[in-house]
Structure formats: C-alpha cells, structure tokens
1. So which residues in the stretch 79-92 are in contact with a helix residue (DSSP H, G or I) (Cβ under 7 Å, 6 or more places away or on another chain) and more than 17 Å from I17 (Cβ to Cβ)?
2. Pull up the stretch 1-31, narrow it to residues that are more than 26 Å from P71 (Cβ to Cβ), among the hydrophobic types (A, V, I, L, M, F, W, C) and in contact (Cβ under 8 Å) with a residue 12 or more places away in the chain, then point me to the one that is surrounded by the most Cβ atoms within 10 Å (Cβ to Cβ).
3. Residues of the stretch 57-78 being under 28 Å from A34 (Cα atoms), small (G, A, S) and either exposed (fewer than 12 other Cβ atoms within 10 Å of the Cβ) or touching a Phe, Trp or Tyr at 6+ places or on another chain (Cβ under 8 Å) (or both), which ones?
4. Would it be correct to say that L54 is modelled with pLDDT of 95 or more, over 27 Å from K2 (Cα atoms), surrounded by fewer than 16 Cβ atoms within 10 Å (Cβ to Cβ) and not basic (K, R)?
5. Among the residues of the stretch 32-50 satisfying the criterion of being surrounded by fewer than 16 Cβ atoms within 10 Å (Cβ to Cβ) and of a type in the set (K, R), which is farthest from G79 (Cα to Cα)?
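The values are calculated or read from the model by the stated rules, or taken from the named source; none is laboratory data. Please read all numbers here as calculations on a predicted model, not as lab measurements. All Cβ positions, glycine included, derive from the backbone under ideal geometry; neighbour counts span all protein chains shown.
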Amino acid sequence: MKALGRQLSMSAVAVFIVGGFIGGIAAIWLYAAARPRFGAGPKTAALTGLAYWLVGCALPTLGQMPLGLFPKRLLVIGGIVGLVEIIVASLVGAWLYKE
C-alpha cells in the first residue's frame, strides 16, 4: 500500500474480514451441494475448495495481471496462499458440517 501511496484503513480491514467469512460460507455451501454427487469427506471438500478458488481467486487474479497495478510475483504468491487457505478452510468446514 505504501508503494501505491495509500494507507489501509480499519474499515478496509473490516471489509476483508466480513468478505472472508462470507467466502467461507459460500465454500461450505458449495461443499453441501456437491456432497450428494461426490460423497461426504475430505476429497469432496478439497475439490470444492479448488473449484471455489478457481472462480473466486484465480480468475480475478488473472484479470488483475494485465492492469499492472501489482507485481505478477505478488499476485502469484497471493494466489498460492489463497489456494492453500481455501482448501484448508473447506476441509475444516466440511469436518464441522452436519446435515
């Protein structure tokens, strides 16, 4: 943010927290929808986490790359961290999920 000449406000942090929570709910919703077809368990959770990452992280990141606002290396690192994050979150959410 310093390189862009901006400062991250507390309201932006709140938006990220709420957005992450809503994203987690959406990932578990996707898991719940996939359970009847693929069965319950960690494999389905990991697959739905991957699907959510593709739509929710990878595609938006690909859209940001040509803009040149952020270094490509930073976007790739963020994408990899996001992949691990959403798969772990999907596994934990699937473990907690009860019908």
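1. Taking the stretch 79-92 first, the residues in contact with a helix residue (DSSP H, G or I) (Cβ under 7 Å, 6 or more places away or on another chain) are 79, 82-83, 86-87, 89-91.
Passing the criteria: G79, L83, I87, S90, L91.
2. The extreme case among them is A27.
3. The one that is under 28 Å from A34 (Cα atoms), small (G, A, S) and either exposed (fewer than 12 other Cβ atoms within 10 Å of the Cβ) or touching a Phe, Trp or Tyr at 6+ places or on another chain (Cβ under 8 Å) (or both): G63.
4. Values: modelled with pLDDT of 95 or more: yes; over 27 Å from K2 (Cα atoms): yes; surrounded by fewer than 16 Cβ atoms within 10 Å (Cβ to Cβ): yes; not basic (K, R): yes.
Considered against the rule, which asks whether it is modelled with pLDDT of 95 or more, over 27 Å from K2 (Cα atoms), surrounded by fewer than 16 Cβ atoms within 10 Å (Cβ to Cβ) and not basic (K, R), L54 comes out as yes.
5. Per the stated criteria, the residue is R37.
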